[in-house]
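First comes the structure, then the notes that go with it.
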Amino acid sequence: MKFLYDFYHEQIAAGNLIEKLEKNIDLVGLVHIADVPGRHEPGTGEINYSTIFRKLAQLRYQGYAAMEFMPQGDTVAALRAAREMATKFGTIDN
């Protein structure tokens, strides 16, 4: 059994995302991606998703990532941009 790490809700509730991720990476099987405020795409709010994706790659995260955000513009463009950001840091494969 693995757990969901929802970056959006964790940032709202308590912050300190990287430390919690490092301590619990072996328990995480799914991460939810959305920025704060507004639950929009990565890069539109206060969460530094470049740092998050880089850390996931460093920790050799092998689970799933769900893009659980409401795009501010074109949905396909927002999903492509989020995928490119994650790919840039080696979080996901092409």
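Coordinate-derived values only; no laboratory data. Computed from a predicted model, the values in this text were never measured in an experiment. Glycine also receives a Cβ, built like all others from the backbone with ideal geometry; neighbour counts cover every protein chain displayed.
In contact with a Leu (Cβ under 7 Å, 6 or more places away or on another chain) and not β-branched (Val, Ile, Thr): does that describe LYS88?
For LYS88, the condition - in contact with a Leu (Cβ under 7 Å, 6 or more places away or on another chain) and not β-branched (Val, Ile, Thr) - is not met.
Which of the residues that make up the stretch 36-94 are among the acidic types (Asp, Glu) and out of contact with any His (no Cβ under 9 Å at 6 or more places or on another chain)?
Matches in the stretch 36-94: GLU41, GLU46, ASP74, GLU84, ASP93.
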